[in-house]
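Q: I have a structure here, written as structure tokens, and I will follow up with some questions on it.
Coordinate-derived values only; no laboratory data. A quick note: this is a predicted structure, and the numbers were derived from the prediction, not measured. All Cβ positions, glycine included, derive from the backbone under ideal geometry; neighbour counts span all protein chains shown.
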Amino acid sequence: MPRQSAARASSSAAKNASKEEVREEFGANFVEILIQDTRYSLRVLRKSPGFTTIAVLTLALAIGANAVVFGVLNGMILRPLNVPRAESLYGIEHGNEYNMWESYPDYRDLRDRNRSFDGLAAFSIDQVGLDTGENPSRSWINLVTGNYFDVLRLQPYLGRFFHGSDENGPNSAPYIVLSHSYWHLHFQDDRGVVGRIVRLNNHPFTIIGVAPPEFHGTILFGTPDSFVPMVNQEQVEGKNLLDARATHSVFMVLGHLKTGVTPEQAVADLNSVGSYLEKTYPKDHGSTTFALARPGLYGNYMGSPMRAFLTGLMLLAGLILLAACANLGSLFAARASDRSREVALRLALGASRNRILRQLLTEAVLISLAGGALGLWGSVALLRAVSVWSPFPRFGHFSLPVSPDANVYAMALVLALVSGLLFGIVPLRQVLRANPYQIVKAGPSGTVGRRITLRDLLLAAQIAICAVLVTSSMVAVRGLARSLHSNFGFEPRNTMLLETDLNTLGYGGDNVLEMQRRMIDAVQAIPGVESVGFVGRTPLYGGGFGAPIFTDQTTDLKPSNAVANAMRFNISPEYFRAAGTALLAGRAFSWHDDKDSPRVAVLNRQFAGKIFGSTINAVGRHFKMRDGTRVQVVGVVEDGKYIHLTEDPEPALFLPMLQASISETCLVVRSNRDPQSLAAAIHSTVRGLDRGLPFFIETWNQQMDVALFPSRMATVSLGALGVIGAVLAITGIFGMAAYSVSRRLKELGIRLALGAQPKEVLQAALGRAFKLLAIGSAAGLVLELLATRVLASIVYQATPRDPLVLAGVVIAMLLLGLLATWIPAQRALSVDPLTLLREE
């Protein structure tokens with residue numbers, strides 16, 4: 001009995017000890033053990049400052065790149081507009097056109113006949129002359145419906161907003177609401193501004209309120225200076241389109257979906273309104289279908305390209321992170337191999353394999369957290385700099401809303417933890433299968449096996465990713481070069497532009513044409529000026545609203561019968577010469593092509609071929625405009641780019657300004673004179689004509705910066721990712737080559753002692769690294785070729801099949817390999833067999 005009692009006591013003690021061990025391992029002492037692991041890991045990492053520094057910087061680059069791209073994606077796509085219930089706010093766009101533009105009568109029908117929205121508001125963007133008591137300046141405004149602020153559910157920061165009840169017909173609501181930033185900058189936060197009178201295009205408007213500081217309008221890129229009721233469009237813009245149902249390019253419509261209504265149900269509801277419009281107004285509507293889109297990026301017109309670009313960048317940034325994890329996984333595997341005797345001794349002394357694995361994972365997580373913190377710090381600084389960067393000062397408060405928020409911080413933390421686990425588990429198999437007796441008995445290995453190892457696979461994958469990134473960056477550079485040397489249909493070099501809107505000072509009717517002619521004649525007289533022309537808005541800069549065109553035989557002029565939808569430009573005589581646009585057939589306009597003469601037009605080659613079959617057949621022929629006017633073709637010019645650089649050839653129509661007067665005026669001045677002195681001369685000349693006229697002068701190349709901005713940003717972004725990928729490839733190849741040489745020093749020394757040539761020694765030491773470089777580079781090129789369509793959505797005229805790109809990638813990867821293996825190669829060739837034998 002005593003023995004049984006003792007046995008029971010012993011068994012109970014063993015069980016309790018086991019439970020205690022488990023409890024200590026996972027329970028009450030977990031925090032203490034974690035602190036011990038952390039302290040030990042920090043000591044180990046401090047003993048290897050080179051390894052630690054490289055690992056932290058590698059992860060900082062990768063996580064920082066991902067955080068920056070995600071920050072832009074978050075600000076531009078994921079984060080909604082800063083209004084209440086933003087998740088239910090949608091813009092309405094034409095389903096087959098991907099734009100949000102509507103006519104005002106169509107907006108009223110959509111507002112009154114739909115059953116899916118709590119309310120629909122409309123707005124448009126324009127520049128006006130704003131006089132606050134000092135010199136008039138050009139100012140960006142939003143013309144909005146009276147219910148705009150009510151639909152968005154906003155409250156004023158100061159004063160009040162206007163409402164639908166304030167609208168009682170055209171020009172009935174001369175009120176203005178200032179944006180908070182404009183009030184802060186121009187009125188120095190003066191709360192007495194409410195009730196003050198300012199002048200918009202020489203018309204008095206009363207300031208009734210200030211918008212809240214967090215509201216920056218319903219377009220992401222820029223905050224308007226003020227908001228004005230749409231019913232006062234005639235005073236603000238010099239035209240009244242509130243009854244022009246056929247004009248579908250003026251107002252953007254948005255609103256909140258009712259609770260419980262899905263986007264699909266709303267689209268079906270809107271399409272029923274579209275069917276009503278088709279039947280009721282057949283002359284103004286073809287097939288009318290609608291779609292919903294987020295309003296901040298002009299719907300899908302800019303939203304789809306932006307999403308494609310940022311998604312592509314996010315994928316490439318993800319590849320950067322995978323390459324970094326592969327790099328660090330390879331380094332960790334090599335480090336675990338070097339520490340095999342340490343691991344074996346710890347196992348022999350009774351340490352559990354779980355404890356050793358946890359120790360290694362702790363080291364990995366510490367490195368990843370340090371790298372993540374450093375990368376996040378850099379990305380936050382960069383995102384904040386970008387968020388206040390204004391690349392186009394003339395647009396006022398143009399900015400990219402990419403300031404970091406909690407989503408960016410959370411993303412960086414998740415990436416850091418996941419990255420640490422990814423590369424930290426690479427040595428898992430080594431530790432689990434380690435035999436301490438054999439390791440201690442065998443000692444350090446003097447050779448490296450010929451079989452393919454996990455480190456080889458990781459390095460090959462990393463090189464492939466690098467090849468993809470390098471190819472993408474080179475494709476971007478080639479795409480930008482093509483963009484800069486594309487045929488725009490005009491020649492921006494040696495050309496100045498002066499932009500103004502004569503409506504800002506109350507010019508109207510014949511006074512507009514008279515002032516435009518005076519401006520042309522006065523600037524033409526400036527010494528050094530070769531030619532001067534006028535265009536309402538320049539191509540690639542907001543010019544060329546679409547106009548339906550009908551054949552001369554068409555009698556039913558409804559939109560579905562249009563033979564083309566042409567980009568329309570109003571120009572003066574001499575515009576083609578000033579713009580450098582080649583005349584292919586016929587003649588240009590003259591000053592005799594006025595309102596008392598037959599209607600005439602100049603077409604581009606695409607338009608002429610589409611309607612008349614050829615350029616030669618077009619001259620002298622007729623077509624019809626939307627209002628039934630017959631127009632005779634007097635000339636044909638070369639094709640060009642009119643809306644954006646990536647567009648396919650579009651039909652374009654040029655009309656004489658004397659037959660279609662508009663107040664928007666852009667003088668195109670061609671001269672070989674120094675731009676700075678010419679700008680001063682133009683400024684002085686126009687000021688002499690009207691001292692109160694606000695205008696803006698720049699070179700055409702400076703204006704082209706707006707059109708080229710996406711291509712340049714894509715090139716910079718992809719170039720930066722390519723550089724990061726190249727750095728990771730260099731460190732990865734260098735790490736493997738250095739490790740291979742250090743493990744085979746004895747073998748290399750014996751080879752040299754036996755008379756091996758340097759070439760043979762290098763092949764033995766670095767042959768595998770170069771094989772992996774070749775395999776990884778080839779795999780990367782194949783992946784890039786397969787992703788041509790994705791790349792083309794990111795970069796204009798992008799194709800990795802370009803021979804120059806392929807040759808550049810091959811040369812770049814070869815140079816990266818040579819750079820990464822230079823130091824290990826020098827070490828391999830400098831091996832002294834006698835020294836090694838003495839050490840042995």
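Q: Please report the equivalent ellipsoid semi-axes of region 204-314, computed as sqrt(5 x eigenvalue) of the Cα gyration tensor, largest first, in whole Å.
A: 27, 25, 15
Q: Per the Kirkwood treatment, what hydrodynamic radius in Å, one decimal, follows for region 108-229 from the mean inverse distance over all distinct Cα pairs?
A: 14.8
Q: Shifting gears a bit: For region 80-174, what log10 I(q)/I(0) values come out of the Debye formula at q = 0.11, 0.23 1/Å, with one point per alpha carbon and no solvent?
A: Cα-only, vacuum Debye calculation for region 80-174: -0.42, -1.48.
Q: Okay, moving on. For region 129-180, just the Cα atoms, rotate onto the principal axes and tell me the three extents in Å, largest first.
A: Cα extents, longest axis first: 34, 27, 17 Å.
Q: Going by average Cβ neighbours within 10 Å, how do the peptides 815-822, 320-327 rank, with the highest at the top?
A: Going from most to least packed, we get 320-327, 815-822.
Q: Among the listed pairs LYS283/LYS595; LYS279/LYS610; LYS47/LYS771; LYS239/LYS624, which have their C-alpha atoms separated by more than 31 angstrom in this model?
A: Those over the limit are LYS47/LYS771.
Q: So what are the radius of gyration and Dmax for the Cα set of region 451-610, in Å?
A: Taking only Cα atoms of region 451-610, I get Rg and Dmax of 24.8, 89 Å.
Q: Please express the Cα-Cα pair-distance distribution P(r) of region 641-732 as a list of whole percents, one per 5 Å bin, running from 0 to the bin with the greatest distance.
A: Bins of 5 Å from zero give 2, 9, 12, 13, 14, 14, 11, 8, 6, 4, 3, 2, 1, 0 percent of pairs.
Q: Write down the percent of antiparallel bridges among all DSSP beta bridges whose residues are both part of region 173-326, to the nearest 5.
A: Antiparallel: roughly 60 percent of the beta bridges in region 173-326.
Q: Still on this structure, I have one more. Each label point is 7 Å from the Cα along the Cα-to-Cβ direction; what then is the distance between the points at ILE125 and SER272, in nm?
A: Distance between the two pseudo-spin positions: 3.4 nm.
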